[in-house]
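Participant: Let me begin by handing over the structure; questions about it come next.
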Amino acid sequence: MKKHKSIVSLLLVTAIILGNITGTVPAHAEKNIGTEFFDNCFKTAEITETQNNNATPSAITTPSTVVATTPPAVVTPKPTKKPTPKPKPHKTKAKKQVLKVRASQSGKAHARLKWNSIKGADKYKIKISGGIKKTIKLSSRKRRYSFKIKAGKVYHVKVTALKGKKVLAHSKRVTVCQPVRVSKMRYTRLSDKKVLITWKRGKHTKQFIIYRKTGSGKYNVIGSSRKSRYVDNKISSGKNYKYIVKSINVVSKAKYSSNNRGTAFTTKKIVATSHQKYTYKEMASDISLLKRTYSKYVNVKNLGKSCDNRKIYDVVIGNQKSGRSLIVIGAIHAREYMTTQLCMAQIELYLQNYNDKIGVTSTNEVLNRIAVHYIPMANPDGVSISQSGLSAIQNASLKNALKKMPGADKTKYWKANARGVDLNKNFNYNYIAKYGGKRGSEGYTGESVNSEPETKAIVAFLDKMKSSGTLKGLINYHATGSILFGDAKGSVKPVVTKMYELAKKITGYADSSGYEESVNEHSKKKNIGNLREYAMYKKNIPCITLEIGKNACPLSAGEFYSIWKKNKVLVLKEAKLFTK
């Protein structure tokens, strides 16, 4: 009986739960349905129990055979329909207008602004700050504006669209900046086919475009670089070139540029050796051109000025930081001006072959270890007189004084400076003042030692080089006679002897031991005021002197070839002596 009651209870609970879940039984019927269901369940249980008591054990009905009475079907009421609300009208926001400004370069020194139209705008306001500060108002019809710019200045631009006083749109800030053009263009000829071009970068530059023209042709782009250098490896010998480097800056998606002026470079031979009168003006021009063509390998200095205001040049090739130096001096005597031509031709040869060999000698192996200082024309006024007469002198008082001096009628053979002083007798060695008669074309020692501006410049230079501790030797070029001076005594003798023996081997020049300079009958002294003896015995600088040519000075152009053959490598090999 207990088991059947449990089943009945279970069924009852199930029915209640189902009624609650579905929610379909009306409230007023819940009690009756539950009572009827309950009564039916108990009646079924009583009948089953009676049958079990009267039956045999095998006939007893198990709980699994009991069939529960199905509750009456429940009708689910249909839900009432609610009216569907009408959709509210959607308000679309007005699309925001965008003002876009584009800037670009216009011509060489202007910037141009352009922008799109803004609906409803009756004017535009442009505000420029940075390089300049200004505000411009334009009517709505105008949507462009140009203004002048200066290279290196940064300008910030904003455009505002207005309707009356109402702001309709602002542009983003746009930057304008033209780069500063390059300066200090330099060329270094690396070989017959290569030239290194360098320059100083201007402000606000991101890239460079390189243009080249040959002869009188047109400029063409040959390359670009982000660095301040470019190697052109497509040049040829014997031609004139011009290069332009364009500076490029990119800002606010716009490109700005500036060009330098075209500068010249040549692969033609610079120093002319086929004519006799190699002038001061020609030398100065060639020095400038050599500096421009081989700028990395050559330096030019001014040691002072002559009586008539001409420069006394120091042309330096090689490594000035090497701790070694050699000096070469030419044309201290005016009519011996072929020595200038020789010095200049040597300079060009060594520079042209800086990265190559001359014979068996590697040029850069020598010049990377020593600096060679050339003073190719120590007496520029005297050379000008010898070549062109007294008309070459610019200073009126000097010219008038020269007219009264001995030798003024035969200036071709002039040896002294523009004040009639023999410079090779004006140095402080065995010096005798006013020796040699009067001021004139040759022989006069001057009013006092080192009285002349040319002498002072050379002495000051020797002092400076000697005090630096780098000076190893001095080579003097004179003319004529194909003679070599290499006698010496004291501490300089060992080095002078080496220099002399090497020079004799290269040139084949005769020894000077039989040479005797004219002597003042009263002083009985030799070598009065000579530069070579001054350098050796007053400054302890080893020195040799070479007298080039065979005939009387001034030497003819026809002699240069034989002189060149004997001397072209002499200075390079003498320099090599001091690099070991």
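Participant: Scan segment 93-132 residue by residue and report those that are open to solvent by less than 30 Å² (accessible area, probe 1.4 Å) and assigned to a strand (DSSP E or B).
Facilitator: Across segment 93-132, the qualifying residues are LEU99, VAL101, ALA103, ALA111, LEU113, TRP115, TYR124, ILE126, ILE128.
Participant: Still on this structure, I have one more. Quick one: how many residues across segment 280-302 are within 30 Å of ALA552 (Cβ to Cβ) and surrounded by fewer than 19 Cβ atoms within 10 Å (Cβ to Cβ)?
Facilitator: Going through segment 280-302, the residues within 30 Å of ALA552 (Cβ to Cβ) turn out to be 280-287.
Applying the additional criterion that residues be surrounded by fewer than 19 Cβ atoms within 10 Å (Cβ to Cβ) yields 281-282, 284-285.
Residues flagged as within 30 Å of ALA552 (Cβ to Cβ) and surrounded by fewer than 19 Cβ atoms within 10 Å (Cβ to Cβ) within segment 280-302 amount to 4.
Participant: Sort out which residues of segment 346-370 are more than 29 Å from the chain's Cα centre (by Cα), open to solvent by 10 Å² or more (accessible area, probe 1.4 Å) and either closer than 13 Å to ILE270 by Cβ or in contact (Cβ under 8 Å) with a residue 24 or more places away in the chain (or both), and write them in order of number.
Facilitator: ILE358, GLY359
Participant: Of these, LYS399, LYS357, LYS412, which one is among the basic types (Lys, Arg), more than 23 Å from TYR561 (Cα to Cα) and modelled with pLDDT of 95 or more? Break it down stepwise before answering.
Facilitator: Working: LYS357 fails: more than 23 Å from TYR561 (Cα to Cα); LYS412 fails: more than 23 Å from TYR561 (Cα to Cα).
Result of the check over LYS399, LYS357, LYS412: LYS399.
Participant: Is there a residue being under 26 Å from SER252 (Cα atoms), without any contact (Cβ under 8 Å) to a residue 40 or more places away in the chain and open to solvent by 50 Å² or more (accessible area, probe 1.4 Å) anywhere in segment 180-198?
Facilitator: The answer is no, given that none of the residues of segment 180-198 is under 26 Å from SER252 (Cα atoms), without any contact (Cβ under 8 Å) to a residue 40 or more places away in the chain and open to solvent by 50 Å² or more (accessible area, probe 1.4 Å).
Participant: So, in segment 238-265, exactly how many residues are out of contact with any Asp or Glu (no Cβ under 9 Å at 6 or more places or on another chain), closer than 17 Å to LYS184 by Cα and not hydrophobic (A, V, I, L, M, F, W, C)?
Facilitator: Residues flagged as out of contact with any Asp or Glu (no Cβ under 9 Å at 6 or more places or on another chain), closer than 17 Å to LYS184 by Cα and not hydrophobic (A, V, I, L, M, F, W, C) within segment 238-265 amount to 9.
Participant: Among the residues of segment 422-431, is any over 30 Å from ALA557 (Cα atoms) and in contact with a Leu (Cβ under 6 Å, 6 or more places away or on another chain)?
Facilitator: Looking for residues that are over 30 Å from ALA557 (Cα atoms) and in contact with a Leu (Cβ under 6 Å, 6 or more places away or on another chain), one finds at least one in segment 422-431, hence yes.
Listed here are the residues, each with its yes/no results for (1) under 18 Å from GLU533 (Cβ atoms); (2) open to solvent by less than 10 Å² (accessible area, probe 1.4 Å); (3) part of a loop (DSSP other than H, G, I, E, B); (4) not β-branched (Val, Ile, Thr).
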position: PHE461; (1), (2), (3), (4): yes, no, no, yes
position: LYS464; (1), (2), (3), (4): no, no, no, yes
position: GLY473; (1), (2), (3), (4): yes, yes, no, yes
position: LEU484; (1), (2), (3), (4): yes, yes, no, yes
position: LYS493; (1), (2), (3), (4): yes, no, no, yes
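Participant: Checking LEU162 against (1) open to solvent by 40 Å² or more (accessible area, probe 1.4 Å); (2) more than 30 Å from LYS239 (Cα to Cα), only one condition comes out false. Which one?
Facilitator: Going through (1) open to solvent by 40 Å² or more (accessible area, probe 1.4 Å); (2) more than 30 Å from LYS239 (Cα to Cα) one by one, LEU162 breaks only (1).
Participant: Give segment 303-321 a look and list any residue that's open to solvent by 10 Å² or more (accessible area, probe 1.4 Å) and free of Cβ contacts under 8 Å to residues at least 60 places away in the same chain, or say none.
Facilitator: Scanning segment 303-321 gives ASN319, GLN320, LYS321.
Participant: Moving on. Looking for whichever is in contact with a Pro (Cβ under 8 Å, 6 or more places away or on another chain), small (Gly, Ala, Ser) and assigned to a loop (DSSP other than H, G, I, E, B) here; the options are ALA331, ALA378. Which one fits? So that I can check it myself, show each step before the final result.
Facilitator: Values: ALA378 fails: in contact with a Pro (Cβ under 8 Å, 6 or more places away or on another chain).
Matching residue, one of ALA331, ALA378: ALA331.
Participant: Which of the residues belonging to segment 441-485 are among the aliphatic types (A, V, I, L, M) and under 12 Å from LEU303 (Cβ atoms)?
Facilitator: ALA457, ILE458, VAL459, ALA460, LEU462, MET465 - these are the residues of segment 441-485 that are among the aliphatic types (A, V, I, L, M) and under 12 Å from LEU303 (Cβ atoms).
Participant: Right, here's the next one. Pairs needed: first member in segment 418-429, touching a residue at least 40 places away in the same chain (Cβ under 8 Å) and within 10 Å of ASN450 (Cα to Cα); second member anywhere, of a type in the set (Phe, Trp, Tyr) and not in a loop (DSSP other than H, G, I, E, B); C-beta distance under 9 Å; at least 6 residues apart or different chains.
Facilitator: PHE427/TYR534; ASN428/TYR534
Participant: So, in segment 167-216, exactly how many residues are assigned to a strand (DSSP E or B) and closer than 30 Å to LYS137 by Cβ?
Facilitator: First, pick out the residues of segment 167-216 that are assigned to a strand (DSSP E or B): 167-171, 174-177, 183-189, 195-200, 207-214.
Next, only the ones that are closer than 30 Å to LYS137 by Cβ stay: 167-171, 174-177.
Residues that pass the stated criteria total 9.
Participant: Another one. Suppose we filter LEU398, LEU351, LEU402 for residues that are within 30 Å of LYS296 (Cβ to Cβ) and in a helix (DSSP H, G or I); which single one remains? Break it down stepwise before answering.
Facilitator: Numbers: LEU398 fails: within 30 Å of LYS296 (Cβ to Cβ); LEU402 fails: within 30 Å of LYS296 (Cβ to Cβ).
When all the criteria are applied, what remains is LEU351.
Participant: Does segment 155-173 contain any residue that is of a type in the set (Val, Ile, Thr) and at pLDDT below 90?
Facilitator: So the first thing to find is which residues in segment 155-173 are of a type in the set (Val, Ile, Thr), and the list is 157, 159-160, 167.
This time we only want the ones that are at pLDDT below 90, so: none.
The answer is no; no qualifying residue exists.
Participant: Taking the options TYR297, TYR313, name whichever one is of a type in the set (Ser, Thr, Tyr) and in contact with a Ser or Thr (Cβ under 7 Å, 6 or more places away or on another chain). Break it down stepwise before answering.
Facilitator: Numbers: TYR313 fails: in contact with a Ser or Thr (Cβ under 7 Å, 6 or more places away or on another chain).
Answer to the selection: TYR297.
The values are calculated or read from the model by the stated rules, or taken from the named source; none is laboratory data. Given the structure is predicted, the values throughout are model-derived calculations rather than measurements. Neighbour counts are summed over all protein chains in view; Cβ atoms, including those assigned to glycine, are modelled from backbone coordinates with ideal geometry. In case anyone asks, the SASA skips ligands and DNA or RNA and just uses the protein heavy atoms, side chains included. Shrake-Rupley method; radii C 1.70, N 1.55, O 1.52, S 1.80 Å.
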